[in-house]
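For reference, the structure discussed in these notes is given below.
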């Protein structure tokens, strides 16, 4: 191979994920993955991170020392093909790699990158990712393209089972979410905590309007319905009514937390696009003066993680809010439309505390465990400490698999 001397000296890594969307989970995951790549490849590594919004990504990821950021257009096929050819290895680093819950275009982005790597003869690794429910067409696409990848590392046994159900034949290793290895920067925590509501304690609500999803390819959608052209959210009168009812339910729950539990409420937007829904919840609250919105638009992964770990209790519809709070054993319950969240609660042994957010009795269902956990948090804290340690040990295996993968290619520090 004509470039072999170059490859052995300075492998060029293309790390494709969901970067630049002001998503706390994606930020924490990317920072942990970059640390692993640097640890495995040493100072000679050259890492490129494509971003949907370069400005957002540069907010927390610094260029230099072998790391560069490039813009990824929303119409991505040509740009992905060009970048894959310019690099020596492709690493898929987004947790929601093999899912169409949020929208098929995101899945197609990752599958197209993997297909380009195969066509260009470049090694391809999916690193500590997840798999969810897929429509029939996407199952076939995933089975065909993912089978040709060199290695897939998934962060849950259930994810491996879903991929095998799609007839994926590539080697699969099971570990845990690499965001568990993310260490917040202590210097960045003070700003967020200085804004904490004054009260005897705080309950966090990590909310998401799941009625907006999946995002689809809809170039002629109204501007108000767009995610980013040519993609748009799912919209209908029925969905709008359901979203309004969900916001009212969260507002009722938040007021009950203030009235009956004596806590303030932090409305946590783990992704910037959760902001309008959190605002709708706040507008419906009687005790809006006892609540505040904390958005990933304003707070980086370290700051949001610090907030999560300072809670008395977490009610979450966001998977990474649950994951990033585990290190502090924050008692939690979930309103989980997301299959990843249900799978995580199964691993934690807390399946009964992951409830269906579509339930008309959502507020009443949540009140009992919230009241119990606030009155006596220690039993759950003990469970979460033990489970966190188990998951963290598995997450540390990610770096071992990464090192073995690069070693097989002839690269290392």
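Any read-out appearing in this document is the output of simple, stated calculations on the displayed coordinates, not a laboratory observation. Note that the structure is a prediction, hence the values are computed from the model and not measured. Ideal geometry is used to build each Cβ from the backbone, glycine not excepted, and the neighbour counts take in all protein chains shown.
Between 49, 355, 154, the Gaussian network model of the chain with springs among Cα atoms under 10 angstrom shows the greatest mean-square fluctuation at 355. Can you say what percent of the DSSP beta bridges in the chain, counting only those with both residues inside, are antiparallel? Round to 5. Given both bridge residues lie in the chain, the antiparallel proportion sits at roughly 15 percent.
Here the Gaussian network model covers the chain, with springs between Cα atoms less than 10 Å apart; of 86, 332, 137, 137 fluctuates the most. The Cα center of segment 12-34 and the Cα center of segment 137-162 differ in position by 20 Å. Extending 7 Å from Cα along the Cβ direction at residue 71 and again at residue 136 yields two label points whose distance is 4.1 nm. Note on residue 224/residue 288: beta-carbon distance plugged into 1/(1 + (r/R0)^6) with R0 of 22 Å gives a FRET efficiency of 0.30. If the segment from residue 157 to residue 239 were pulled out straight at 0.36 nm per residue, it would be longer than the present Cα-Cα gap by 26.3 nm.
Counting only the Cα atoms, segment 360-413 fills a convex hull of 126 Å³ per residue. Note on residue 372 and residue 46: the model spin-label points, each 7 Å out from Cα along the C-beta direction, lie 5.7 nm apart. Residues of segment 317-349 with an amide N closer than 11 Å to a point placed 7 Å from the Cα of residue 386 along the Cα-to-Cβ direction: 349. Here the relative contact order of segment 99-143, from alpha carbon pairs under 8 Å that lie six or more residues apart, stands at 56 percent. Relative to the longest principal axis of the chain, what angle (0 to 90°, nearest 10) does the C-alpha long axis of helix 136-146 take? That helix lies at roughly 40 degrees to the long axis. For the chain, place one equal point scatterer on every Cα, skip the solvent, and apply the Debye formula. What is log10 of I(q)/I(0) at q = 0.08 Å⁻¹? For the requested q values the scattering log ratios are -0.42. Stretching residue 119 away from residue 393 to a fully extended chain increases their span by 95.1 nm, per 0.36 nm per residue minus the current alpha-carbon distance. With respect to the chain, whose longest principal axis is taken over its alpha-carbon atoms, helix 104-120 is tilted by about 20°.
The angle between the Cα long axis of helix 237-261 and the main principal axis of the chain comes to about 60°, on a 0 to 90 degree scale. Annotation: the residues 370, 365, sorted from fewest to most other C-beta atoms within 10 Å of their own C-beta, follow the order 365, 370.
Normalising by the residue count of the chain, find the relative contact order in percent from Cα pairs under 8 Å and 6+ residues apart. Write down the numbers at each step before the final one.
On the way: 797 pairs, mean separation 70.1, N = 413.
It rounds to 17 percent for the chain.
Dividing the alpha-carbon radius of gyration of segment 208-352 by the rule-of-thumb value 2.2 N^0.38 Å gives 1.09. For the peptides 372-382, 18-28, the ranking by packing is 18-28, 372-382, with the highest mean count of neighbouring Cβ atoms within 10 Å listed first. With each label modelled as a point 7 angstrom along the Cα→C-beta vector, the residue 53-residue 183 pair spans 2.9 nm.
For the options 66, 275, 204, a Gaussian network treatment of the chain with springs between C-alpha atoms closer than 10 Å singles out 66 as fluctuating the most.
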